[in-house]
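Enquirer: Before I ask anything, here is the structure I am working with.
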Amino acid sequence: MIVVEHLSGGYEDVAIVKDISFTVEKGKILGILGPNGSGKSTLLKVMSGILPAIDGTITIDGKNILSYNARALAKKMAVLPQLHANAFSNSVREAVSLGRYPHQTGFFSSWSEQDEQAVQHAMLQTGVKRYEHTAMEFLSGGEQQRVFVAQALAQTAEILLLDEPTNHLDIAHQRQILDLVRQEAVKCGLTVVMVLHDMNLASLYCDELLLMEGGQMRALGAPHEVLVASQIEEVYQARVTTYAHPELPKPQITMMPSATDFQERAVIKKEHFTITEHYIQLKTEIPLKTVSSAVHNPGIGWHNCLLNRSVPSDYVISDVKREVNEFLRKGKFSPTNTVVMLTAVPTSLVAMNEFSAPFGSMIVAVTAGVGNAVDVSRVHERQDDPYIGTINTWVIINGCLSEEAFFQAMMTATEAKTKALHSENIRDERSGTIATGTATDSLLIAATQKGEEMLYGGPITEVGKMIAKGVYETTVQAIRNYKNSF
């Protein structure tokens with residue numbers, strides 16, 4: 001464990017870092033963030049003794065760092081600095097072996113089996129074993145960086161100070177090194193303090209983050225407490241937004257351009273839609289921001305091709321995603337730029353309407369196959385085989401929605417669809433009660449993201465009112481189209 005209390009230090013009598021305090025428990029990783037010149041690297045140098053401390057204390061396992069001599073401290077703490085100067089030509093093995101120097105009684109005069117194992121293990125861990133006999137100057141910057149990480153690991157210290165350990169590394173080797181550091185912390189109790197520029201990597205791999213500004217602490221805490229968009233914007237003077245990592249409970253940061261006015265946005269009209277026997281298509285020159293429950297490219301994204309594909313009523317495919325991808329390939333559609341829904345309703349039965357609104361305009365398109373409509377409150381009573389029936393709804397908004405507005409718009413659209421089924425007396429054949437939808441309904445909200453941002457999309461808002469009206473009226477029309485086809 002390392003405890004830093006009210007630490008100030010820098011060059012000669014000039015304090016570059018001021019009044020820094022934190023504790024890193026055994027087996028934990030602290031990430032240090034901050035803009036260029038904020039004192040991140042200086043803090044590590046003061047902690048390691050490279051630069052003098054003007055005030056404050058550093059304690060390792062309850063003992064002041066000043067009570068350790070150089071060799072004893074090196075056994076406790078390994079340091080990977082930001083820059084490495086190769087004064088002479090070392091082989092990779094020789095460079096990694098330097099990490100064992102604190103464990104020698106003479107200049108490598110007492111090399112032991114334990115030393116050899118530590119060097120070999122460190123080279124294998126960092127993927128540089130194959131370069132063992134290669135001179136350092138013949139390695140790329142990223143390969144050299146991995147050698148120096150191996151040197152630090154070979155030191156087998158209890159505390160590891162790393163200054164930008166992922167510098168020069170591609171994403172695969174960034175993950176390799178940080179996975180390794182994380183593994184050493186969790187399994188071996190290694191205590192780690194590391195400076196990182198990449199806030200997303202810091203969030204993923206660190207237990208706590210220290211955000212520095214002007215040589216002082218701006219924030220200290222868990223990643224979700226430090227990586228707050230407003231705070232990052234103030235410290236870095238850059239627009240950012242935060243979002244949740246898709247697999248881990250960690251925040252991620254996305255940089256936003258300083259101005260978005262230069263980004264041209266489409267204005268969608270009914271004539272931009274194409275209806276063929278096989279699909280209904282909306283293709284735009286400029287991508288739309290979409291939120292959907294589609295079978296292909298669901299979730300949140302940017303896409304410039306939307307497909308509502310009509311399939312036979314006996315369409316039963318074991319691997320739907322693969323079949324849809326094959327359909328896109330044959331039709332020469334971009335698999336990454338296209339959202340696909342499936343419907344058993346003929347495309348000719350689509351209902352499509354355009355609505356004007358204060359914020360711009362909106363187009364709603366619905367195909368409504370209600371032959372197998374269900375009452376969602378009673379589906380738990382059904383034990384029959386899977387049944388197909390789909391109401392597919394598109395809401396295309398010529399306007400700008402916040403993420404909250406997108407999700408509220410989905411709720412508003414769903415409520416309007418349910419009301420349409422009630423008005424048309426669509427019933428669940430099994431229960432005889434009013435249906436609320438079908439078992440495989442799909443919904444898409446898309447927006448051009450042009451104009452003033454609308455923060456909310458509920459029925460109290462202008463956009464929510466228009467979605468409610470548009471989805472209700474268009475769904476009623478689509479249901480009647482479906483009924484009249486028999």
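Every number in this text was worked out from the coordinates using simple rules, so none of it is lab data. Just so it is clear, the model here is predicted, and its values are computed rather than measured. Virtual Cβ from ideal backbone geometry, glycine too; neighbours counted across all protein chains shown.
Enquirer: In Å and whole numbers, how far do the C-alpha atoms of the chain stretch along each principal axis, longest first?
Expert: Cα spread of the chain along its principal axes, largest to smallest: 95, 45, 44 Å.
Enquirer: With 10 Å bins from zero, work out the P(r) of the stretch 175-217 over every alpha carbon pair and list the percent per bin.
Expert: Percent of Cα pairs in each bin: 24, 54, 20, 2.
Enquirer: How big, in percent, is the set of alpha carbon pairs in the stretch 88-195 lying more than 20 Å apart? All intermediate terms of the calculation are to be shown ahead of the outcome.
Expert: Working: 2126 of 5778 pairs.
Percentage above 20 Å: 37.
Enquirer: I've got another one for you. Given an 8 Å cut-off on Cα distances and at least 6 residues of separation, report the relative contact order of the chain as a percent. Kindly include the intermediate steps, with their values, before the conclusion.
Expert: Values: 1009 pairs, mean separation 58.7, N = 486.
Relative contact order for the chain comes out at 12 percent.
Enquirer: With every atom except the alpha carbons ignored, what do you get for Rg and Dmax of the stretch 97-148, in angstroms?
Expert: Answer for the stretch 97-148, Rg first and Dmax second: 11.9, 33 Å.
Enquirer: Run through the DSSP bridge list for the stretch 2-255 and note the antiparallel percent, rounded to the nearest 5.
Expert: Working: 26 of 43 bridges.
The answer is about 60 percent antiparallel.
Enquirer: Hey, another quick one. Report, as a whole number in µm² per second, the diffusion coefficient that Stokes-Einstein gives for the stretch 377-486 at 20 °C and 1.002 mPa s using the Kirkwood radius over alpha carbon pairs. Before the final figure, lay out the partial values.
Expert: Values: Rh = 15.0 Å.
My calculation gives 143 µm²/s for D.
Enquirer: Right, next: Which ³J(HN,Hα) values in Hz, rounded to whole numbers, follow from the phi angles of the stretch 232-238 under the Karplus curve 6.51 cos²θ - 1.76 cosθ + 1.60, where θ = phi - 60° and Gly and Pro get x?
Expert: 3J(HN,Hα) across the stretch 232-238, in whole Hz: 5, 4, 5, 6, 9, 6, 8.
Enquirer: With +1 on the Cβ of every Lys and Arg and -1 on the Cβ of every Asp and Glu, and nothing else charged, how large is the dipole of the stretch 104-263 about its Cα centre, in debye rounded to the nearest 20? Don't jump to the answer; show the numbers that get you there.
Expert: Details: 9 positive and 21 negative charges, 46 e Å.
Dipole about the Cα centre, nearest 20: 220 debye.
Enquirer: On each of the three principal axes of the Cα atoms of the stretch 19-59, give max minus min coordinate, whole Å, ordered largest first.
Expert: In descending order, the Cα extents are 27, 24, 18 Å.
Enquirer: Only bridges whose two residues both fall in the chain count here: according to DSSP, what percent of them are antiparallel, nearest 5?
Expert: Values: 62 of 93 bridges.
In the chain, approximately 65 percent of DSSP beta bridges are antiparallel ones.
Enquirer: From the residues V228, Q216, W394, which one has its Cα farthest along the dipole of the chain in the positive direction, the dipole being from +1 and -1 charges on Cβ of Lys/Arg and Asp/Glu about the Cα centre?
Expert: W394
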